[in-house]
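The values are calculated or read from the model by the stated rules, or taken from the named source; none is laboratory data. Small disclaimer: the values here were computed from a predicted structure and weren't measured. Cβ coordinates were reconstructed from backbone atoms using ideal geometry, including for glycine residues, and neighbour counts include every protein chain displayed. Surface areas here come from the heavy atoms of the whole protein model, side chains and all, with no ligands, DNA or RNA. Shrake-Rupley method; radii C 1.70, N 1.55, O 1.52, S 1.80 Å.
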Amino acid sequence: MPEDFHFLNPEWFLALVPLGVLLWGMRSPDSGQSAWQRVVDGHLLPHLLTQGAGKARWLPLALLGAGWIMGVLALANPTFERLPTPVYRGQDARVVILDLSRSMETPDLKPSRLARARYKVADILERSRDGQTGLVAFAGDAFVVAPLSDDADTVLGLLDAVTPEIMPVQGSRPDLALHKAAELLAQAGAARGEVILVGDDAGDARAIEAARDLLDAGHELSIIGVGTEDGRPIPGVRDAEGHAVVAALDSARLIELAAAGGGAYAPLSADESDLDRVLRAPTSSLQQAAESPDRETDAWRELGPWIALALLPLGALAFRRGWLLGLVLVVSNAALVPEPAMALSWDDLWQRRDQQAADALERGDHGRALSLAEQPDQRGTASYRLGDYAAAAEAYARLDTADAHYNRGNALAKAGSPEEALAAYDQALSRQPGMEDAAYNKARIEEWLKQQQEQQQQSQDGQQSADRSQDSEGGEQSDDKAAEAEQHAENQSQAGQDDQPEEQGEKDGESADSDAGQDGRSAQE
């Protein structure tokens, strides 16, 4: 109906502003003059220019203006006809929570707990195609992988990319994941939601409190336990004493958590018996919504794609020989201010800057990688390989992960700051206690510092010994000189030679000095 005519995306009309600026520039006094008109007298131009050149000159610009306006109309997407669209959305919603803590890499279930948990989440999504499904992952923190949606295939496509390596914080906080699930259900307006936790850890008292909050909001929590009671060592994880950490499934605590959430618990099975136990059957409200297609929502018949089809003849016409070049000459002849040049390379069309930086690091072009890198880890790696260890340490300091602190410790050690390097290794080990490289480098630096202290102590002891030796030599010289003085006095009294004491004294002095020198060398040796 005419009264319903409107544009679905009217903000695209702002794109007409650049076209108006271009046309206004063409109205300037000099814009209608060609390069010949600027250098040739007016009375000679009719004899030099062919007729119709001005008209041909305006054709590319007219083509540009028509195509521009039609493109803006297509993007604004006019419409005037409302389409009836049945709604088949149920009232219930289901949020799946996947545990991504390091214990899920335990191989007590083949090939690993995480692989089996993914298969089970895929089975849950297959059973949830008639309703809305969301996915939340957690380790030391929780985040929403996919919000509630009735497109289960989209959630399935994201499942393979969910690994423990993408988690910014390691640990196990199922309570944070339960809060995220409650937020998703509240945003969707679900009156009676269902939360399915697939993992091996029940958390602590905070998880129990979060499960009770879910139940108070009208939602149920059910759990599928992944793992075995005996467990196996977690790959790559060790305690402070270097022993392997064994992850065993605590079914009792998981049952307690499910009971607090008002749901059921089942251990992971190869068949679908665990799903039959924990998944809730579709409610009558869901079935009624699926059987009542008379509910409608607003949907409009879009005319924008049909307008876009009209651009095809104009596009084909624009590729006539000389028209695109003529358009460039017209625009440049309008004396418009050109836009500043963009530093755009061929690689920018196919790769992001971080991808280009990664390729440069792989090729060993560290200078180019540093100029392209925007992420701290890439800038730190490039600076480290260029020998700028201070800049590398500064770049790694912007990240708060075990690997970043480890790399920062290496850079600080290279930069001559062993104490700061030890602090960085300590931070890496606090976030990942089983990081063997950080523990090894820390031990090496501590051993080196200990050797430096011992060498410094030995140097101080040697200096003190030399000082004591010099003091001893001075005493011996004083004693020798005193004895020589007494002998000299006795000789004078016996011989009575008044003209010789000064010369004898000088010799005696020389002899004393010589003896003292010998004593001194002996002491030093």
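For region 154-166, which residues satisfy the criterion of being in contact with a Lys or Arg (Cβ under 9 Å, 6 or more places away or on another chain) and either open to solvent by less than 10 Å² (accessible area, probe 1.4 Å) or part of a helix (DSSP H, G or I) (or both)?
Leu159, Val162, Pro164
When the residues of region 175-196 are filtered to those that are over 13 Å from Gly134 (Cβ atoms) and either touching a Ser or Thr at 6+ places or on another chain (Cβ under 9 Å) or among the polar types (S, T, N, Q) (or both), which remaining residue is modelled with the highest pLDDT? Looking at residues that are over 13 Å from Gly134 (Cβ atoms) and either touching a Ser or Thr at 6+ places or on another chain (Cβ under 9 Å) or among the polar types (S, T, N, Q) (or both), I get Arg192. On the basis of being modelled with pLDDT of 90 or more and of a type outside the set (A, V, I, L, M), does Ser251 make the cut? So Ser251 passes the test. Only one of the numbered conditions (1) of a type in the set (Lys, Arg); (2) surrounded by 16 or more Cβ atoms within 10 Å (Cβ to Cβ); (3) at pLDDT below 90 is violated by Arg363, and that is (2). Looking at (1) at pLDDT 90 or above; (2) open to solvent by 80 Å² or more (accessible area, probe 1.4 Å); (3) not aromatic (Phe, Trp, Tyr), which is the one condition that is false for Gln463? For Gln463, the failing item is (1).
Which of the strands (runs of 3 or more DSSP E) contained wholly in region 74-151 include at least 1 residues that are at pLDDT 90 or above, surrounded by 15 or more Cβ atoms within 10 Å (Cβ to Cβ) and among the small types (Gly, Ala, Ser)? Talk me through it step by step, then tell me what you get.
Numbers: elements: 93-99, 132-138, 142-149.
Where strands (runs of 3 or more DSSP E) fall fully within region 74-151 and carry at least 1 residues being at pLDDT 90 or above, surrounded by 15 or more Cβ atoms within 10 Å (Cβ to Cβ) and among the small types (Gly, Ala, Ser), they are 132-138, 142-149.
On the basis of being in contact with an Asp or Glu (Cβ under 6 Å, 6 or more places away or on another chain) and more than 29 Å from Glu241 (Cα to Cα), does Gln375 make the cut? Don't jump to the end; show me each part of the working.
Numbers: in contact with an Asp or Glu (Cβ under 6 Å, 6 or more places away or on another chain): yes; more than 29 Å from Glu241 (Cα to Cα): yes.
Yes: the conditions hold for Gln375.
What pairs come out if I take residues in region 352-371 that are closer than 14 Å to Arg385 by Cα and hydrophobic (A, V, I, L, M, F, W, C) and pair them with residues that are outside any helix (DSSP H, G or I) and at pLDDT 85 or above whose C-beta lies under 6 Å away, six or more apart or interchain? Every condition considered, the pairs that remain are Ala357/Ala373. Ser493 meets each of the listed conditions (1) surrounded by fewer than 12 Cβ atoms within 10 Å (Cβ to Cβ); (2) assigned to a helix (DSSP H, G or I); (3) modelled with pLDDT of 70 or more apart from (3).
A quick yes/no check of all residues on (1) free of Cβ contacts under 8 Å to residues at least 24 places away in the same chain; (2) within 28 Å of Arg102 (Cβ to Cβ); (3) under 32 Å from the mean Cα position of the chain (by Cα):
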| residue | (1), (2), (3) |
| --- | --- |
| Pro168 | no, yes, yes |
| Gly171 | no, yes, yes |
| Leu185 | no, no, yes |
| Gly189 | yes, no, no |
| Gly199 | no, yes, yes |
| Ala205 | yes, yes, yes |
| Ala217 | no, no, no |
